[in-house]
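Derivation of every value follows stated rules applied to the coordinates shown; laboratory data play no part. No experiment lies behind these values; they were computed from the predicted model shown. Note: ideal-geometry Cβ built from the backbone for every residue, glycine included; neighbour counts use all protein chains shown.
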Amino acid sequence: MAKKQKKQVEEKPYKKPLIKKRKPNRSIAGDFFLYLFLVIVAFIMAFPIIYAVSSALKPLDELFKFPPRIFAQHPTLDNFSDLFVTMGKSWVTFSRYLFNTVFITFVGTFGHLIIASMGAFVLAKYEFPGNAAFFKLVTVAMMFTGYVTQIPNYLILNKLGWIDTYWSIIIPAFASPMGLFLMKQFMEGLPTSLIEAAKIDGANEWRVFYQIVMPNVKPAWMTLIIFSVQALWNNKASTYIYSEERKTLVYALQQIQAGGIARTGQGAAVLVVVMVVPILIFVFSESQILETMASSGLKD
Amino acid sequence: MEKTENMNMFRKYVTLRRHEAGVAWKKAKARKMCYLFLAPYAILFTMFYVFPVVASIYYSFTYYNILEPPRFIGLSNYISLILEDDIFLIGIKNTFMIAIITGPLGYILSFLFAWLINELPRWVRSVAVIVFYAPSIAGNCYVIFSVFFRGDAYGYVNAFLMNIGLIDKPILWLINPDYMLPICMLVILWMSLGTGFLSFVAGLQGVDRSQFEAGYMDGVKNRWQELWYITLPNMKPMLMFGAVMSITQAFGVCDVTMALCGYPSTDYAARTIVTHLFDYGFSRFEMGYACAIATILFLIMILCNKAIQSLLRRVGT
């Protein structure tokens, strides 16, 4: 098949640019309807998010206007400042919830990145007994959700005395199987000669890891970061943490929404605070994440 | 005579095994560094992923309420789950309904959109990826749907339907058991273009272009033939990965139903396996019973994953 094609290209080299411009086996009507369909679906997908952002910007009188408008006519940031003002007087302030979430997300992601990368490095680049079996176990762990292990985890964390501390969320997040999986798959694409060259120059494994391997897998960092941030930032943490002052932003969001209709604007504002961080990280690192995901395939 | 032969075989086998173990041990010793690198992850992984599954299976055979030590009661947790617990059966039914509809549909949609945006110009494609992927990472953004589906006449869906004259009085979307599940499924589908979708987008970019050109020569007539004969077989590893993500998500559903329909929901109409697990684990502290639920969920997920994987292996062959 490939041979035949090569021959033809050699005979008529001027045909190639034509193919590149537009795939020859596409009908124009098909293209038109497919893209029209895509635009409509894209609008439906984006609508709830746009709506959330615009409600957060609406002043009180516009929030309850009927019929509603999608976009705020006089956008204000009152709802956001209200978060700090009204909740600033309550026992646990809004900034405290924000701090809890930021702390959990930052420490959890950082630790996960280091620990999973170290594991992935040896799994991808060295042969040792137990290597394949361990990786297989990790892929099996991706096949069930964290809810399955939640109850024994509670008992374990209880034994360790970590219930009602940040560590009950942070430490289990270090071992998330998805991060190790993606990192290992990506590191396998790294040329082994790179590592061997460094070894000949007299570097030990640790130096190879942090001077050669880690700088070369930066795209995978971003991927681990986005998945870890997404999981931790959206963590409700209500099962392992009881104390109000250690609860997270998502929990506060639920409390505000339970506060009823008068808190609609503030609820939308917290919603925006909660969703903006993972989305922004994704927007700024999309190409790197896609580069990593290209090696995400599950081979057997 | 035969016995001695067997014994010899056995002895050979043992020495061979012992030799292999010796070689493995030597290798392991030479690679001490590797184990040191893997140790932090391996320890935490065992502690929070492997051991809990084993513990969960163990506790599922006991009565355990944290205060007293666990007491072995055999299979009776499972028996009462299946024979006596009607609410659990509702949970199973709902979970399967949601999984069977949103799982495959979300998976197909992920692939479909990844494939459709694949031929767009580069910058349009990156915008499209953000638009499609954003709902799944937007945290609790799905609670905004409770505004759309509010039960009074001010809920947007109600207002819209009343304006065009389809209904004459508002529908209690999230309180009436008839509408709960469909609305939850809608929201879950909205969020279903997740990790699998990213994997598909990335995988499609990596398909070797010369294969398509070879395809034109060999008479691939339209985009659908191209999809089946060239694209799909190339995408197999990503399809597998996406399937794992979809199945795990489809059976673990609980956040959306809890946020939209309440916990507990009217008549337990939106109860899923996971909410039942929470109910027994963290409200009633019947850990043994909750572990039995967790074990059933674990088995369902693993078996389903294995089944789908063996199915996917046949794609394009």
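Between region B:25-81 and region A:123-197, how many Å separate their Cα centres?
14 Å
Calculate the tail of P(r) for chain B: the fraction of all Cα-Cα distances greater than 27 Å, expressed in %.
Working: 31282 of 50086 pairs.
Distances greater than 27 Å cover 62 percent of the Cα pairs.
For the cross-link pairs A:Lys136/B:Lys236; B:Lys12/B:Lys32; A:Lys136/A:Lys184, which exceed 22 Å when the distance is taken from alpha carbon to alpha carbon? Can you show the working numbers first?
Values: A:Lys136/B:Lys236 18 Å; B:Lys12/B:Lys32 30 Å; A:Lys136/A:Lys184 12 Å.
Pairs exceeding the cut-off: B:Lys12/B:Lys32.
Quick query: amide H of B:Thr62 versus all other amide H atoms, modeled in the peptide plane; which residues come in under 5 Å with a sequence gap of 5 or more or a different chain?
The answer is B:Ile73.
Multiply the residue gap between B:Leu161 and B:Gln225 by 0.36 nm, knock off their C-alpha separation, and tell me the result in nm, one decimal place.
Details: separation 64, 0.36 × 64 = 23.04 nm, distance 4.11 nm.
Taking 0.36 nm per residue and subtracting the Cα distance, the gain is 18.9 nm.
What is the average number of partner chain Cβ atoms found within 10 Å of a Cβ in A:39-48? Don't jump to the answer; show the numbers that get you there.
On the way: counts 1, 0, 8, 6, 1, 1, 10, 5, 3, 13.
Neighbouring Cβ atoms belonging to other protein chains average 5 per residue here.
Quick one, could you list the DSSP H helices from chain B stretching 24 Å or more along their long axis (Cα atoms) with average Kyte-Doolittle hydropathy of -0.5 or above?
Numbers: long enough: B:2-30 (42 Å, -1.09); B:86-117 (45 Å, 1.68); B:287-312 (37 Å, 1.78).
Result, helices passing both filters: B:86-117, B:287-312.
How about region A:26-107: which trypsin sites (Lys or Arg not before Pro) there lie in a loop by DSSP and see at most 15 other Cβ atoms within 10 Å?
Passing both the DSSP loop test and the Cβ count: A:Arg26, A:Lys65, A:Arg69.
I'm a student and want to see the number: the projected area of the Cα convex hull of chain A, averaged over all directions, in nm².
24.9 nm²
Under a no-solvent Debye model with one identical scatterer per Cα of the protein assembly as shown, what's log10 I(q)/I(0) at q = 0.06, 0.09, 0.10 Å⁻¹?
-0.38, -0.84, -1.02
Mind grabbing the base-10 log of I(q)/I(0) for region B:3-138 at q = 0.11, 0.12, 0.18 Å⁻¹? Debye formula, identical points on the C-alpha positions, no solvent, two decimal places.
Calculated log10 I(q)/I(0) at the listed q: -0.97, -1.00, -1.06.
What spacing in nm lies between the two simple spin-label points modelled at B:Tyr216 and A:Leu63, each 7 Å away from Cα in the Cβ direction?
For the pair B:Tyr216/A:Leu63, the computed spacing is 5.7 nm.
Scanning chain A for chymotrypsin sites (Phe, Trp or Tyr not before Pro) in DSSP loops with at most 13 other Cβ atoms within 10 Å, what's the longest stretch left with none? Numbers along the way, then the final one.
On the way: sites that count: A:Phe64, A:Phe71, A:Trp91, A:Tyr242.
Result, exposed sites excluded: A:92-241.
Compute for region A:88-243: radius of gyration divided by Kirkwood radius, i.e. Rg/Rh, restricted to C-alpha atoms, rounded to two decimals. Don't jump to the answer; show the numbers that get you there.
On the way: Rg = 18.2 Å, Rh = 17.3 Å.
Across region A:88-243, the Cα-based Rg/Rh ratio is 1.05.
Counting other Cβ atoms within 10 Å of each Cβ, which trypsin sites (Lys or Arg not before Pro) in region B:197-233 have at most 16 and sit in a DSSP loop?
B:Lys221
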